[in-house]
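A.B. asks: Here it is, the structure, as structure tokens.
The values are calculated or read from the model by the stated rules, or taken from the named source; none is laboratory data. Quantities reported herein were computed from a predicted structural model and do not represent experimental measurements. Accessible surface is based on the protein model in full, side chains and every heavy atom, while ligands, DNA and RNA are left aside. Shrake-Rupley method; radii C 1.70, N 1.55, O 1.52, S 1.80 Å.
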Amino acid sequence: MAQLDKRNTIKLLLEANSHSSKEIAQIAHVSLSTVYYVKAKLAKGIDISHQKGAGRPCSLRNRIKQSISQQIRQKPYLSLRTLASRAPIPVSYQTVRRALVDSKYSKKYPTKVPMLSETNRLYRIQWAKKFKYPKKQWAKTVFADEMSIWLSRGRMKMWTKSDQKRFVPTTKHTPKINVWAAFSSIGTFPLCIFTTNMDSSLFIDILQGHLLTQAEVFHGNDWQLVMDNDPKHTATKVKNWLSTMLPKVLPWPSQSPDLNPIENLFAWVKQELTKQGPKTISELKKMLEITWSRLDSNFLEPYWSSMPRRCQMVIDSRGLPIKY
């Protein structure tokens, strides 16, 4: 939260007169002295917005700032020290950092996306135009996929002192579970947790036991299934079963995880499990089942209802990966 936003929050809470100063400090995530500071300013009728001090003027002229921004656009991996060394005048890397922040730049890890072929890119556009259904039609769609969950907290930062080194024990082959899951606008479907490699026979058994009955309860005979083009999904045996047992299976463009909202739901579930930190496979299974069972239709609504927007974004981006 920005400093001004925090001060405005404090102001609103003080005006409401329903919390103590200590409670306001906890709500706004500030120190108690900050609450007293804002309170005193308001009592005197002084503006609480941040007043920019005189300070030392920036040593970089606009022309040099533009040059740095241009280098960043051409080579976004350049370090601050490299940019400082290339400046026409002697500057520190901290000065370069401030200039980039002023220009709305920040350094982030890039998101990895599939390298789309031209054929798949064009098909994504055609698919998005054809299936840019209204929201109410996507409400009758079941989104399904598989994911693997490893018994590991992943890469996380830890608090430590400068002279202290922390170690995290790991195993050579981290245990994992495989999960088939599905959801629709009504709610989630029963999970299928397994540890073996999935083949077409196992996949049909999962659909028979975990998809059909629940789909009929949710949507009767008026629904469609969405899943990717994994080889086990497109096997001849599976295709024959799907054509016989399901009302409709939506064709899916290859290399398009960004179009399937269940991928975003999986990411959220994995983050929740990471926070809980299961230590055994049985704990992992139990936590997963509890987390999944708590997902209701209100929580799931933003996921499936984003499909018209995703389709439009694919069209606007000319088939390139979208920000989902």
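A.B. asks: With the full set of protein chains in place, find how many percent of the accessible area of the chain is carbon and sulfur; take the probe as 1.4 Å.
C.D. replies: Solvent-exposed carbon and sulfur of the chain make up 53 percent of the total.
A.B. asks: With a cut-off of 8 Å between alpha carbons and a minimum separation of six or more residues, what is the relative contact order of the stretch 206-324 in percent?
C.D. replies: 23 percent
A.B. asks: Let me know the shape class of the stretch 188-246, please: from the alpha-carbon gyration tensor, a ≥ b ≥ c as square roots of the eigenvalues, rounded when a/c is under 1.5, otherwise prolate if a/b is greater than b/c, or oblate.
C.D. replies: Verdict is oblate for the stretch 188-246.
A.B. asks: For Cα Rg over 2.2 N^0.38 Å, the choices are (1) 1.03; (2) 1.33; (3) 0.99; which was calculated from the structure?
C.D. replies: (2)
A.B. asks: Next question, about the same structure. Before anything else, pin down the relative contact order of the chain: Cα pairs under 8 Å, at least 6 apart, normalised by residue count, whole percent.
C.D. replies: Across the chain, relative contact order equals 19 percent.
A.B. asks: Also, quick follow-up: What does the accessible area of Asp205 come to, in Å² to the nearest 10, when a probe of 1.4 Å is used?
C.D. replies: Here the accessible area works out near 100 Å².
A.B. asks: Just check the stretch 177-275 against the gyration tensor rule for me: Cα atoms, a ≥ b ≥ c as the square roots of the eigenvalues, rounded for a/c under 1.5, and otherwise prolate or oblate depending on whether a/b exceeds b/c.
C.D. replies: Cα axes put the stretch 177-275 in the rounded bin.
A.B. asks: Next up: For each pair in Lys140/Lys237; Lys6/Lys275; Lys6/Lys41; Lys237/Lys286; Lys176/Lys237; Lys232/Lys285, compute the distance between the two Cα atoms and list the pairs where it is over 22 Å.
C.D. replies: Lys140/Lys237; Lys6/Lys275; Lys237/Lys286; Lys176/Lys237; Lys232/Lys285
A.B. asks: Per-residue accessible area for Leu246 at 1.4 Å probe radius, Å² rounded to 10?
C.D. replies: Accessible surface of Leu246 is approximately 10 Å².
A.B. asks: Continuing with this model, one more query. Of Lys107, Lys176, which has the most accessible area with a 1.4 Å probe, and how do the rest follow in descending order?
C.D. replies: Result of the area sort, largest leading: Lys107, Lys176.
A.B. asks: Roughly how many Å² is the accessible area per residue of the chain, as a whole number, for a 1.4 Å probe?
C.D. replies: 65 Å²
A.B. asks: For the full complex of protein chains and a 1.4 angstrom probe, list Asp230, Asp5 by accessible area with the highest value first.
C.D. replies: Largest accessible area first, the list is Asp5, Asp230.
A.B. asks: Counting pairs of alpha carbon atoms under 8 Å apart in space and at least six apart in sequence, what relative contact order in percent does the stretch 66-127 give?
C.D. replies: So the answer I get is 21 percent.
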